[in-house]
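Quick note: the coordinates plus some simple rules give every number you see, no bench work behind them. Note that the structure is predicted; figures quoted are calculated from it, not measured. With ideal geometry, Cβ positions are generated from the backbone for all residues, glycine too; neighbour counts draw on all protein chains shown.
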Amino acid sequence: MSAIEHGTDPTSVALRGLSERECARFRNRNLRQPGRRRRVHRVELQDWVGGLKLPGPACHQPLDTPAVAGDSEAVTAPVDCARCLAGGQDPFTPLVALDGGQLALGLKPGSE
């Protein structure tokens, strides 16, 4: 365990409280991404500072604003993120590899 997890100074107490509050808020919930796209992600607890955890998208997709700001919504809506639905995929795998690929271009000479 780290100093933050056992610390009694005001900063450690505040960080621990934030971690506990956010983890409780997303217990048995999915995460709706803030911003324009509004995707719904499966939640995974991710390492934060000093051994503490924060909920984040299971696909490790960066959010438009940090979850620390409280902008992410805890929802019961179904997950619609392709990477989260694929489960265990490398976050750098292109989405086209997850949903069946894309059409090949005709690159042979004389093809139109």
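Computed from the C-beta positions of ARG42 and ASP71 and an R0 of 25 Å, the FRET efficiency is 0.85 to the nearest 0.05.
Summing Lys and Arg as +1 and Asp and Glu as -1 over all other residues whose Cβ lies under 15 Å from the Cβ of VAL75 gives a net charge of +4.
Peptide packing for 73-80, 19-26 was compared via the average number of neighbouring C-beta atoms within 10 Å per residue; ordered from the highest value, the list is 19-26, 73-80.
Note that the stretch 39-47 has calculated 3J(HN,Hα) couplings of 5, 10, 10, 6, 9, 9, 6, 10, 4 Hz, one per residue in order, obtained from phi through the Karplus relation 6.51 cos²θ - 1.76 cosθ + 1.60 (θ = phi - 60°); glycine and proline are x.
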